[in-house]
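The values are calculated or read from the model by the stated rules, or taken from the named source; none is laboratory data. Remember, predicted model here, so these are calculated numbers, not experimental data. Counting neighbours? That spans all protein chains shown, and the Cβs are built from the backbone with ideal geometry, glycine included.
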Amino acid sequence: MAVDDTLILPSFFQVLEALEQSWQTIVTDDLPISLLHFALGMGAGLLVALPVGMSMGWFRVVDRMIDPIVEIIRPIPPLAWIPFAIVWFGLTNEAAGFIVFIGAVFPILINTYVGFRSLPKVYVESAKVLGATRDADLIRYIAFPFALPSIAGGIRIAMGIAWMCLVAAEMFGVSTSGLGYKIWSYYYLHKMDYVLLYMIVLGLLGLLIDRSFRYVVEERMLKWRVGLTQ
Amino acid sequence: MKKLIFIALLAAVVLLSLGCISSEKKSENVTTLRIGYQPSTHQIAEMVAAEKGWWAEDLKPFGVTEIKEFEFPSGPPEMQAMLAGDLDIAYVGTAPPISAIAQGLDAKIVAAVNINGSDLVFKPDVAYSGPQSLIGKSIGTFPPGSIQDTVMKKWLQDNDVPVSEVKILPMGPGDAVTAITAGKVDGVFLPHPSPAIIEQEGKGESVVASGEMWPNHACCSLVVSGRLIRDNPELVEQIIKTHIKATEYVNSHPDEAAQIYSAKTGQDLNMVEHSVETWDGMWVSDPELQIPSTVEYARIDYEMNYTQRELTEDDLFDTSFYKRVILG
């Protein structure tokens, strides 16, 4: 082995020392930039995936038209989109957000679609008997609430993938700070204690946001489900 | 249950505190030589030696029966592989070994590969009239700690251009070429053949060569693992001899070298020939040529807090093999 042990796995205390050295930078520089990239990607993902997924789930003709396109684009790794992100958006935060968007959009779209497609026919028929005959009413009062648990699951998966994409999104010159950028930057300097520190921060941030989301969605919006499976 | 979780956490903390246990490998004969390189015209010597079968032929008397080449997109992952003990020798830019050796890599630079060889390329519609032209411009280049980043920042400082007034964007070569081709940056500072690719596409023009910024600065070098140096010094000498032979061949047959490079990497031959004709770099093998600038890189790295200690010539170089080879 051409290496001392630190480079294989930095110790707990080395990571703590790295934290002591850089916590201010993490808080003031890196977290805001990464949260911006994350928010841009997730926001765009929600804006695109929800209406498209709902339309595909509700209207068969839309499903037949869009499904092949989705299935062609879906397997393409977000990394492969970096050249287009540069060409379309330049070296901007939007370009990083686009890479995060590519990772986040499909889980939300697929789960929204599945949530709508699994709506029992009897619910729709009952709603029609009660006077909700327009598509807009049926979607708003029946299909969407029914699909919400599935959509929430999709958003949770998407957030996880979005954090994964963040590292790729910050490696092509869009910024000189950010959790993903710093992982690359310190890796280039072989400072593995800092690499591990930023990985841990990324993981903890993901956990924090996931828990906050679950609290809002499961404890508030999906409170009616308590008693069914919980 | 809580007790179990506590014990598991404690065990994890102890394990992490200890770090991993490294084992010293016993001295052993090398039968497979693992070579790292990058698809750059700077490192054509490695490719010529490989394609002509010189590695296999010259090292066979030393018990080497297999040559394994590993291609890397840039220096840091190559050094990471060497840190992990997966490479015996590496053709690599001089900067990545500095940070790797500072972090514990057991290896030395034993020969030079090339000096100079990078260009500052501006978009066709951006005027260049000297270092001051860079103020307010966006320039894509390799990340901090790289040769390009260090050379350009030193050049700016030497010419009284505040580095903070130039928007230096860290990125890889592919992304930088894409960025200037799409007109998303004003310029890029990259090693060859990237400047030639941009020029051939008509998307930019080389305005300053790195040799003008910092004459005869070190670029790529030949790094050999400490294990090989200690256990197989005769083999290291032969590796250097083969490297010198390949370097001399590249210098005397640049067209054939370009063909070998083109065939190996799949890059357009015309573009490679254009790169070889127009670059300001030189393929060399004498490590003494690289010592002053490499030690300066190490000093800058330490000043910038990229390394925790300032590496010296002795930390980075072992020129004894080259001297023995030259003295016969």
In the set A:I66, A:I82, which member is touching a residue at least 12 places away in the same chain (Cβ under 8 Å) and within 20 Å of B:P170 (Cβ to Cβ)? A:I82
Residues of the stretch B:103-133 satisfying the condition of being within 14 Å of chain A (Cβ to nearest Cβ), part of a loop (DSSP other than H, G, I, E, B) and either surrounded by fewer than 22 Cβ atoms within 10 Å (Cβ to Cβ) or at pLDDT 95 or above (or both): B:Q103, B:G104, B:D106, B:K123
Subset of the stretch B:169-179 that is surrounded by 24 or more Cβ atoms within 10 Å (Cβ to Cβ) and among the hydrophobic types (A, V, I, L, M, F, W, C) - its residue that is farthest from the other protein chains (Cβ to nearest Cβ): B:V177
Filtered residue count, the stretch A:177-230, keeping only those that are part of a helix (DSSP H, G or I), free of Cβ contacts under 8 Å to residues at least 60 places away in the same chain and within 23 Å of B:V163 (Cα to Cα): 4
Return the only residue of B:A100, B:A84 being at pLDDT below 95 and closer than 26 Å to B:W214 by Cα. B:A100
Residue check, B:D160 charged (D, E, K, R), more than 23 Å from the chain's Cα centre (by Cα) and either within 13 Å of chain A (Cβ to nearest Cβ) or part of a loop (DSSP other than H, G, I, E, B) (or both): yes
Go through (1) within 11 Å of chain B (Cβ to nearest Cβ); (2) part of a helix (DSSP H, G or I) one by one and return the number of the condition A:V174 breaks. (2)
Assuming B:S99 fulfils every condition listed in (1) part of a helix (DSSP H, G or I); (2) in contact with an Asp or Glu (Cβ under 6 Å, 6 or more places away or on another chain); (3) among the small types (G, A, S) apart from one, which condition is it? (2)
Restricting the stretch A:37-52 to residues that are more than 14 Å from A:W163 (Cβ to Cβ) and in contact with a helix residue (DSSP H, G or I) (Cβ under 7 Å, 6 or more places away or on another chain), which is surrounded by the fewest Cβ atoms within 10 Å (Cβ to Cβ)? A:V48
When the residues of the stretch B:42-86 are filtered to those that are charged (D, E, K, R), touching a strand residue (DSSP E or B) at 6+ places or on another chain (Cβ under 8 Å) and not in a loop (DSSP other than H, G, I, E, B), which remaining residue is surrounded by the most Cβ atoms within 10 Å (Cβ to Cβ)? B:E46
For a quick check of your reading: which helices (runs of 4 or more DSSP H) sit entirely within the stretch B:278-328 and have at least 2 residues that are modelled with pLDDT under 95 and farther than 21 Å from B:K154 by Cβ? B:320-327
Mind listing whichever residues of the stretch B:171-203 are among the acidic types (D, E) and assigned to a loop (DSSP other than H, G, I, E, B)? B:D186, B:E201
Going by the structure shown, is A:L16 within 14 Å of chain B (Cβ to nearest Cβ) and of a type outside the set (S, T, Y)? yes
The stretch B:68-78 - residue that is touching a residue at least 40 places away in the same chain (Cβ under 8 Å) and within 9 Å of chain A (Cβ to nearest Cβ) and, of those, farthest from B:C219 (Cα to Cα): B:S74
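The rows are residues; the columns are (1) more than 14 Å from every other protein chain (Cβ to nearest Cβ); (2) within 29 Å of A:F84 (Cβ to Cβ); (3) in contact with a helix residue (DSSP H, G or I) (Cβ under 7 Å, 6 or more places away or on another chain); (4) surrounded by 23 or more Cβ atoms within 10 Å (Cβ to Cβ).
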site: A:I142; (1), (2), (3), (4): yes, no, yes, no
site: A:F146; (1), (2), (3), (4): yes, no, yes, no
site: A:R156; (1), (2), (3), (4): yes, yes, yes, no
site: A:A162; (1), (2), (3), (4): yes, yes, yes, yes
site: A:L166; (1), (2), (3), (4): yes, yes, yes, yes
site: A:G178; (1), (2), (3), (4): no, yes, yes, yes
Go through (1) away from chain B (no Cβ under 14 Å); (2) surrounded by 22 or more Cβ atoms within 10 Å (Cβ to Cβ) and name the single condition A:L189 misses. (1)
Kindly indicate whether A:I209 is crowded, with 19+ Cβ neighbours inside 10 Å, within 18 Å of the chain's Cα centre (by Cα) and more than 14 Å from chain B (Cβ to nearest Cβ). no
Of the conditions (1) buried (at least 21 other Cβ atoms within 10 Å of the Cβ); (2) assigned to a loop (DSSP other than H, G, I, E, B); (3) in contact (Cβ under 8 Å) with a residue 60 or more places away in the chain, B:S221 fails just one. Which one is it? (2)
Restricting to the stretch A:63-85, name every residue that is over 17 Å from A:N111 (Cβ atoms) and among the aliphatic types (A, V, I, L, M). A:M65, A:I69, A:I72, A:I76, A:L79, A:A80, A:I82, A:A85
Please work out if A:A80 is surrounded by 14 or more Cβ atoms within 10 Å (Cβ to Cβ), more than 30 Å from A:Y141 (Cβ to Cβ) and within 14 Å of another protein chain (Cβ to nearest Cβ). no
Qualifying residues in the stretch A:111-140 (those that are of a type in the set (S, T, Y) and crowded, with 16+ Cβ neighbours inside 10 Å) - the one nearest to A:R64 (Cα to Cα): A:Y113
In the stretch B:150-172, how many are touching a residue at least 40 places away in the same chain (Cβ under 8 Å), under 18 Å from B:P76 (Cβ atoms) and not hydrophobic (A, V, I, L, M, F, W, C)? 2
